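Bear in mind these aren't lab numbers, they're just calculated from the coordinates by the rules spelled out. Keep in mind the model is a prediction, meaning the values are calculated, not measured. Counting neighbours? That spans all protein chains shown, and the Cβs are built from the backbone with ideal geometry, glycine included.
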Amino acid sequence: MVYAMENVRQTRYWTGEGGDGAVRCGLCPHGCLVPAGGTGRCGVRENTGGMLRSRAWGRPAALAVDPVEKKPLYHFMPGRKAFSVGTLGCNLSCRFCQNDGLSRPSAGDWAALAREGVVQPEAIAAAARREGCAMVAFTYNEPTVWAEWALETAAACRASGIRTVAVTNGYIAGEARREFFGAMDAANVDLKSFREAFYLRQCGAHLAPVLETLEWIRRETRCWLEVTTLLIPGLNDSDGELEQLTAWVAERLGMDTPVHFSAFHGACEMAGAAPTPAATLLRAQRTARAAGLRHVYLGNVRVSGGGDTRCAGCGTLLVERAGFAARTLWKAPGVCPECGMPCAGVWE
Ligand code: SF4
């Protein structure tokens, strides 16, 4: 496909390789060698004229105002609105993708996107402010593969007092990882499984880089971190795997890290698969609590109290959630009105 040059922006995180015009992308652990005229596995980063360029810079395919609870982020400014932005493409190929309309675009989808006008970072920040949003969320498709636009937008948001959050698979490497999460105020990172075989067979990726990203965010940044695991019956919901996953989160990320267990619904290559029963999510929640995790939430399913935040000390209800609506019940933000114990999070 041929794009007008103004429709693709030069990216970073790549080097030239050899004399045939191929370039090596270093943004994510795939490390694609992108031949002249080709794209990387994400479909976003394209080699035009020996330069790696982004087909997604300034090209939103989805824009909406969502509650921050929908990301999901439950310990970051509850009840506030997030101006949510997504483009096209993804560096993983999850067979169960819940948003494949954006993550697996057709050539026609890309062509339609390229015909749209470019949206500058400042325009996103201004739109967020106009809509009364406290933050911009990079979401819907994988934002790290369009990191350059996300980073410039994050800078524009910061200049106008708007926070930025990312909903991501965490499959990013090196310098790009450092810059991307260094610029975010909060992130919800998918930990899709605790098995390398699952990442390999179901997602076309590896587990270790995701674990590295999670630890790196916790250790090296001020970015507020929450974790989501989509539970798929028979694939990643065994007792043993849940015990290992939750023990790892408690030990390496800390017991205050909110974990969201989310119910799978048939989609993408697994359109006919059975949905996750509520009993599986409740079992995962018990396992996580036994591992010491203090804040474990259930999503995509109706379970009474599954989205509520309680004091880790005395169990008092702090944030009541119904669907994506949140109601805070404290007097001082993030402080239990009964026992005075602070609850980890960003509450302003
Ligand atoms: S970001 Fe895209 S082009 Fe770059 S290494 Fe990952 S999949 Fe390949």
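Can you tell me the Rg and the Dmax, both Å, for the Cα atoms in segment 1-128?
16.3, 54
Of all beta bridges DSSP finds with both residues in the chain, what is the antiparallel percent, to the nearest 5?
On the way: 26 of 53 bridges.
The answer is about 50 percent antiparallel.
Please pull out the direction-averaged projected area of the chain, using the convex hull of its alpha-carbon atoms, in nm² to one decimal place.
So the Cα hull casts an average projection of 17.0 nm².
Starting from the 7 Å offset along Cα-to-Cβ, what nm value, one decimal, do you get for the label separation of Glu116 and Arg95?
Result: 3.1 nm between the two label points.
Return a whole-number percent for the relative contact order of segment 201-265, with Cα pairs under 8 Å and 6 or more residues apart as the contact set.
Details: 42 pairs, mean separation 26.5, N = 65.
Computed over segment 201-265, the figure is 41 percent.
With a cut-off of 8 Å between alpha carbons and a minimum separation of six or more residues, what is the relative contact order of the chain in percent?
Details: 743 pairs, mean separation 46.7, N = 348.
Once normalised by length, the contact order is 13 percent.
Give me log10 I(q)/I(0) at q = 0.25, 0.28 Å⁻¹ for segment 207-254, Debye formula, one equal scatterer per alpha-carbon, no solvent.
Listed by q, the Debye log ratios stand at -1.02, -1.16.
What does the charge count around Ala322 come to, taking other residues whose C-beta lies under 12 Å from its C-beta (Lys +1, Arg +1, Asp -1, Glu -1)?
Numbers: positive: Arg302, Arg321, Arg327; negative: Glu69, Asp308, Glu320.
Result for the neighbourhood of Ala322: 0.
Suppose we keep just the DSSP beta bridges with both residues in segment 30-151; what percent of those would be antiparallel, to 5? Intermediate results must be reported in sequence, preceding the final value.
Values: 11 of 15 bridges.
The antiparallel proportion sits near 75 percent.
Cβ neighbours within 10 Å, averaged per peptide: list 34-45, 177-188, 335-346, 84-95 in order, most packed at the top.
Values: 34-45: 20.5, 177-188: 22.0, 335-346: 16.2, 84-95: 23.8.
The most tightly packed comes first, giving 84-95, 177-188, 34-45, 335-346.
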